[in-house]
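Inspection log for the structure reproduced underneath, given as structure tokens.
Values in this text are rule-based calculations from the coordinates and carry no lab data. On a predicted model such as this, the values are computed, not experimentally measured, just so you know. We place every Cβ from the backbone using ideal geometry, glycine too, and count neighbours over all the protein chains shown.
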Amino acid sequence: MELPNKYDPSLTEDKWYSYWLENGFFHSEPDEREPYTIVIPPPNVTGVLHMGHMLNNTLQDVLVRRARMTGYNACWVPGTDHASIATEAKVVEKLKSEGIEKSDITREEFLKHAWEWRDKHGGIILEQLKKLGASCDWKRTRFTMDPDLSAAVLNTFVYFYKKGLIYRGVRMVNWDPEGLTAVSDEEVIHKETDSKFYYLKYKIAGDVVEGECDHVTIATTRPETIMADVAVCVNPADERYFHLRGRNVIIPLIDKEIPIIEDDYVTMDLGTGCLKITPAHDINDYEIGLRHKLPVIDIINDDGTLNEKARILIGEDRFVARKKIVKMLSEAGLLEKVEDYKSQVGHSERTDAVIEPKLSMQWFLKMEDLAKDALQVVEDDSVRLIPDKFKNTYRHWMENVRDWCISRQLWWGQQIPAYYLPNGECVVESTFEKAFDAARRIDPSLKAEDLVQDEDVLDTWFSSWLWPISVFDPAKPGFPDKAPNADLAYYYPTNDLVTAPEILFFWVARMIMAGEEFCQDIPFRNVYLTGIVRDKQGRKMSKQLGNSPDPIKLMKEYGADGVRLGMLLCTSAGNDILFDESQVEQGRNFSNKIWNAYRLVKGWKVSDTMAQSDVNQLAVSWFASKLDKAIESIDEDFAKFRISDAVMTIYKLFWDDFCSWYLEIIKPSFIDGVQESMDKATFDATISYFDALLKILHPVMPFITEELWQNIEERKKGETIMLQQMPLSTGHDATLIAAFDKAIETVVSIRALRQLKNISPKEPLAVQVKSTYYPAIITSVISKMANVPNLQIVEQFDTTLAGQSFMVGTIEYFVPLEGMIDMDEEIEKIEAEIKRYEGFIKGVNAKLGNAAFVANAPAKVVALERKKLSDATTKIETLRARLATLK
RNA sequence: GGGAGCAUAGCUCAGCUGGUUUAGAGCAUCUGCCUUACAAGCAGAGGGCCAUAGGUUCGAAUCCUAUUGCUCCCACCA
């Protein structure tokens, strides 16, 4: 069969993925083997695959495939997250395009639309993961709003409520006027924003002493909130304002009198040192208001428009109102000046709307005790963060943790299981029936329709923090004493979690808390934190910038295997990766290299009667050692999660050691257009090496390795490389490898000489070496790889011949090159070489001549220095001798 | 403002507890090759004051201090 000289991924990827699925190779059930478990960080159900997912899921697939091949019962649980804000926003948008406003329909109708949306679009991302080759146990696919997972969330809420850790309270929250919901502190992104500092004049109420200023000037970035001012505040130490103690000022435009108060919070040299206090719309002002028992006037509606309490500009959006009020103030002569100002303004992570600090009734979970345990297990490395530099960040968070605002003013999500009686009393139960029973115990006359459930839903992270538990045993969360089911008992704690550092606190820390609370055990042992995928210029990939390649297109063009290799080569834990298509190209080229190595081996004729040559025998035993050595290094790298290093070792093992050296050495030559046969021993060894290499490569490049593994030898139906045992090292022969390295070095030197002297590789070359120090093992390799048919081992070089010499270690080689040598150039070169070694010796001697060094350094180090010295001395002697013959 | 991290070849990064021939890899570059597996390839080569300045040490890319430049996190000054 004639194979094309390019690998075509489109002919193999779908074929083998279907094969794996049909045979249920990804599915895991508890058995007597040790489990290896990963739960996927559930992507948004409405999401589409981006480069971050590619990196993240490639890493997980590599880990899980390796585990599967090293004897573990590997289970990778996939699923999606309901992502309340993001999904609700998408559904609202879709309805809007159909002319339906959310405010015009009922909660039930809206949820119907939302579920329809999720049934239609949800899970696209999971289909895309299949293209990547993700070996998830699809039978275990979960969704954070599956009925039993939602029940788990509600049970958890009830559990914490009854434990006294959940409470309801008025708090200043980060309000997203676009999403119409409160968002947590972590979902607020502070961005440096160009804004203006407006200097406003507030007239002083009452009489003013002759000659004194009749107003104070206040600097603010938010002039539209002046109507909500309840005081003006100065620093008690600020002499400029001593005379105004106890006075009132008048808010411009609405002519309302408010007091001047004093508080240390005010910085004297910022602005005018005079601060307006607006408790409803600023967190610090709110706190000052509490200290001074000031009223709260909330003039902004949920959607960011001004309400009637503002008295002016009612119904205007806050930013429109800002422009208008500046104009009004200016016309009234109350605007002193405007300065440009850069400030950090909070934006909603989901909608990018400017966050409005707002007082609102919310549900909170107390975090202090939960955080203590979750910190402890990371501190003592029960849960390992990779890289461990994130421990610092984690500690900082956990020591300064604030209560978690868990309510969201949305419909898509688990509705809070709190029910209100007409008298305002509240019962919390996991179902309406239970709540109704409980309410009836308070008020026996209560009717079902009188009991009203809280409108809010729970923060999405309040369901995803249960993920490692609820995907296995949804009945467990909320019931720490309940025995785990068989799945949970077997798969929990999971092994590795692969995720992004930005959700270390959001998600990782909280999973640890939930795990400790409900299972009295950590949810995972290792947390591998990937970096952010950035573009070549270091910008974060984003839809807005349009700088993110479409992963599906990328896989089509370069093959899933190529994309995987490209991503893996440039990722180290915790470091951002700068993505460039050339990396993926490298991956594709590697696929092609593997493909062509296969074509080569497949084309060989094998002879049963042919004896194995010396050089083949040497190559076979050398590669066995190289393979073992590489396996040892790869295993070590994986154990330390140095995945790109492991992948690079595999890459070089295949490309350099296997293809460039091993295959080239054993490759039968063509004589008169006819290919020579290969002896069976060498061929069999080669096939077994190829087989081992494919297995080692499989976790990284699953498709091409399955394709070639299926073809390189006869396979039975239902067999797969996926479930083969990963090759193990039997220990490598370091002496053999070192000797072979010398051969390689010699070959490279001869090739370089050829290039320098313009001698074609096809032209056989005579090379001499002195027998006194020559190790025989490398002769055959040099002969074949450097085209030196007869490496002459001589007593002395024939000094009557013109030629060139070179050294490998301390061994000197001589290549007679009659008529091709420029003597002066040669002498110059040798002299330069001598000079270099002399410099080197000087350095070594400086060390050895230092009594303190010899006395203090370990004997091993001193011995090494002496060896350096003697080697260099030998080299110089050899070079000097050569120089003498030339002169 | 507080904290953390990073700085090594053109690019992306290794370099682990200070000592292995006066620093390694991949990519890119340059040179020569269309050699019967692969030009998505082969062969060869060049390229670094290890950010700067001090210090510790027999010995520093590695440890310490300061400086500079980037990055991230936390808290925010209206």
Pull up the cross-link candidates among the aspartates and glutamates for residue A:860, meaning alpha carbon to alpha carbon under 20 Å and not fewer than 8 places away within one chain.
A:871
Sequence-separation-based contact order of chain A, relative, with Cα cut under 8 Å and 6+ spacing, percent:
12
Please compute the Kirkwood hydrodynamic radius over the stretch A:38-164, one decimal place, Å, based on all pairs of different Cα atoms.
16.6
With bins 5 Å wide starting at 0, give me the P(r) of the stretch A:617-744 over every alpha carbon pair, in whole percents.
2, 10, 18, 21, 20, 14, 9, 4, 1, 0, 0
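So if I take the alpha carbon set of the stretch A:712-865, get Rg, then get Rh from the Kirkwood formula, what is the Rg over Rh ratio?
On the way: Rg = 22.5 Å, Rh = 19.6 Å.
Radius of gyration over Kirkwood radius for the stretch A:712-865 works out to 1.15.
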With a cut-off of 20 Å, note down the residues of the stretch A:598-624 whose backbone N falls inside the zone around a label point 7 Å from the Cα of residue A:674 toward its beta carbon.
A:603-613
Largest first, please: the extent of the C-alpha atoms of the stretch A:740-792 along each principal axis, to the nearest Å.
30, 20, 16
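With the cut-off at 14 Å, report for the stretch A:688-727 the share of all Cα pairs above it, as a whole percent. Please report the intermediate quantities before stating the final value.
Numbers: 269 of 780 pairs.
More than 14 Å apart: 34 percent of the Cα pairs in the stretch A:688-727.
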Any number yet on Rg/Rh for the stretch A:496-543, C-alpha, Kirkwood?
1.16
Estimated vicinal HN-Hα couplings, Hz - the stretch A:139-145 in sequence order (Karplus 6.51, -1.76, 1.60; Gly, Pro = x)
5, 9, 3, 10, 10, 5, 10
Given N residues in the stretch A:362-492, what is Rg(Cα) / (2.2 N^0.38 Å)?
1.34
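For A:716, A:784, A:96, what's the fewest-to-most ordering of other Cβ within 10 Å of each Cβ?
Values: A:716 5, A:784 20, A:96 11.
Exposure proxy ranking, most exposed first: A:716, A:96, A:784.
What's the local net charge at residue A:286, with K and R +1, D and E -1, over the other residues with C-beta under 12 Å away?
On the way: positive: A:171, A:291, A:358; negative: A:282, A:285, A:287, A:298.
Residues near residue A:286 contribute -1 overall.
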Apply 1/(1 + (r/R0)^6) to the Cβ-Cβ distance of residue A:712 and residue A:860, taking R0 = 35 Å, and write down the FRET efficiency to the nearest 0.05.
0.15
Can you give the angle from 0 to 90° between the axis of helix A:147-162 and the longest principal axis of chain A, with both taken from C-alpha atoms, to the nearest 10?
60
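R0 = 22 Å: FRET efficiency of residue A:311 with residue A:359, Cβ-based, nearest 0.05?
Numbers: r = 19 Å, r/R0 = 0.88.
Between residue A:311 and residue A:359 the formula returns 0.70.
Taking a temperature of 4 °C and a viscosity of 1.567 mPa s, what whole-number D in µm²/s does Stokes-Einstein yield for the stretch A:628-690 with Rh from Kirkwood over alpha carbon pairs?
On the way: Rh = 13.5 Å.
Approximately 96 µm²/s, per Stokes-Einstein.
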Sorted from largest down, what three extents in whole angstroms do the Cα atoms of the stretch A:257-386 have along their principal axes?
66, 35, 31
Residue-normalised 222 nm signal for chain A, counting each DSSP H run of n ≥ 4 as -39,500 (n - 2.57), nearest 500 deg cm²/dmol, is -13000 deg cm²/dmol
Mind pulling the angle between the C-alpha long axis of helix A:432-442 and the longest principal axis of chain A? Nearest 10 degrees, somewhere in 0 to 90.
40
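In what sequence, highest mean first, do A:333-343, A:481-491, A:36-46 appear when ranked by Cβ atoms within 10 angstrom? Walk me through the numbers before you get to the answer.
Details: A:333-343: 12.8, A:481-491: 15.2, A:36-46: 24.2.
Sorting A:333-343, A:481-491, A:36-46 by mean packing, highest first, produces A:36-46, A:481-491, A:333-343.
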I want to verify the translational diffusion coefficient of the stretch A:1-92 in µm²/s; compute it with Stokes-Einstein, Rh as the Kirkwood radius over Cα pairs, at 20 °C and 1.002 mPa s.
133
Give me the extension gain from residue A:687 to residue A:752: residue separation times 0.36 nm, minus the current Cα-Cα distance, reported in nm with one decimal.
20.2 nm
Can you work out the base-10 log of I(q)/I(0) for the stretch A:445-485 at q = 0.34 1/Å, using the Debye formula on its C-alpha atoms alone?
-1.15
Search the structure for amide H atoms under 5 Å from the amide H of residue A:407, placed 1.01 Å from N in the peptide plane, and list their residues when 5 or more places away or on another chain.
A:363, A:459
Under 17 Å from the Cα of residue A:867, which lysines turn up, not counting those fewer than eight places away in the same chain?
A:842, A:847, A:875
In whole Hz, the Karplus estimates of ³J(HN,Hα) for the stretch A:722-731 (6.51, -1.76, 1.60; θ = phi - 60°; x where Gly or Pro) are 3, 10, 6, 6, 5, x, 10, 7, 9, x
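Hey, what does the equivalent ellipsoid look like for chain A, semi-axes from the Cα gyration tensor as sqrt of 5 times each eigenvalue, largest first, whole Å?
Values: eigenvalues 980, 291, 120 Å².
That gives 70, 38, 25 Å for the three semi-axes.
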Enumerate the residues in the stretch A:575-599 having an amide nitrogen under 19 Å from the point lying 7 Å beyond the Cα of residue A:5 toward its Cβ.
A:588-599
Projected area of the stretch A:170-227, taken from the Cα convex hull and averaged over every viewing direction, in nm²?
6.9
Helix A:859-886 sits off the longest principal axis of the Cα atoms of chain A, rounded to the nearest 10 on a 0 to 90 degree scale, by 50
Below 11 angstrom from the Cβ of residue A:467, what's the summed charge of the other residues (Lys, Arg +1; Asp, Glu -1)?
+1
How many angstrom lie between the C-alpha centres of the stretch A:809-885 and the stretch A:36-107?
62
Percent RCO, i.e. relative contact order, over the stretch A:112-237, from Cα pairs under 8 Å lying at least 6 residues apart:
11
Only loop residues by DSSP count here, and only those with at most 15 other Cβ atoms within 10 Å; note down the GluC sites (Glu not before Pro) in the stretch A:776-830 that meet that.
A:795, A:818
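If you wrap the stretch A:439-519's Cα atoms in a convex hull and average its projection over all directions, what's the area in nm²? Numbers along the way, then the final one.
Numbers: hull surface 31.3 nm².
Convex hull of Cα atoms, orientation-averaged projection: 7.8 nm².
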Residues meeting the amide H criterion for residue A:105 (H placed from the backbone, H to H distance under 5 Å, 5 or more places apart or on another chain) are none
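Taking all pairs of distinct Cα atoms, average 1/r, flip it, and tell me the Kirkwood hydrodynamic radius of the stretch A:54-129 in Å to one decimal place. Mind showing how you got there, number by number?
Working: mean 1/r = 0.0663 Å⁻¹.
Answer for the stretch A:54-129: a Kirkwood hydrodynamic radius of 15.1 Å.
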Given pairs A:540/A:629; A:102/A:309; A:102/A:130; A:15/A:96 and cut-off 32 Å on Cα-Cα distance, the over-length ones are A:540/A:629; A:102/A:130; A:15/A:96
Where the centroid of each part is defined by its Cα atoms, how far is the stretch A:286-343 from the stretch A:494-536 in Å?
42
Across the Cα atoms of the stretch A:549-653, what radius of gyration and what greatest pairwise Cα-Cα distance (Dmax) are found, in Å?
17.8, 56
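Across the stretch A:148-263, how large is the tail of the calculated P(r) beyond 21 Å, expressed as a percent of all Cα pairs? The partial results should precede the final answer.
Numbers: 4093 of 6670 pairs.
Roughly 61 percent, rounded to a whole number.
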Mind listing P(r) for the stretch A:769-856? All alpha-carbon pairs, 10 Å bins, whole percents.
14, 33, 28, 16, 8, 1
Quote to one decimal, in nm, the extra length available between residue A:605 and residue A:887 on full extension: 0.36 nm per residue of separation minus the C-alpha distance between them.
96.2 nm
If you project the alpha carbons of the stretch A:820-887 onto their three principal axes, what span does each projection cover, largest first, in Å?
51, 16, 14
For residue A:678, the residues 5 or more places away or on another chain with a placed amide H closer than 5 Å to its own amide H are A:605, A:606, A:607
Using the Karplus curve 6.51 cos²θ - 1.76 cosθ + 1.60 with θ = phi - 60°, work out ³J(HN,Hα) for each residue of the stretch A:287-302 in order, rounded to whole Hz, and write x for Gly and Pro.
5, 4, x, 5, 4, 9, 6, 8, x, 10, 10, 9, 9, 10, 6, 4
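May I ask you to sort A:519, A:213 by Cβ crowding, counting other Cβ atoms within 10 Å and putting the fewest first? Can you show the working numbers first?
Working: A:519 20, A:213 12.
Listing A:519, A:213 from fewest to most nearby Cβ atoms yields A:213, A:519.
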In cubic angstrom, how much convex hull volume per residue do the alpha carbon atoms of the stretch A:685-795 span?
158
Peptide ranges A:65-72, A:79-86 listed from the most packed, as the mean C-beta count within 10 angstrom indicates
A:79-86, A:65-72
Where a Cα-Cα gap under 19 Å defines reach, which lysines qualify for residue A:203, not counting those fewer than 8 residues away within the same chain?
A:256, A:276, A:327, A:337
Once you have the Kirkwood Rh of the stretch A:246-294 from its Cα pairs, apply Stokes-Einstein at 20 °C and 1.002 mPa s and quote D in µm²/s.
183
Here FRET efficiency (C-beta to C-beta, residue A:170 to residue A:23, R₀ 51 Å, nearest 0.05) is 0.30
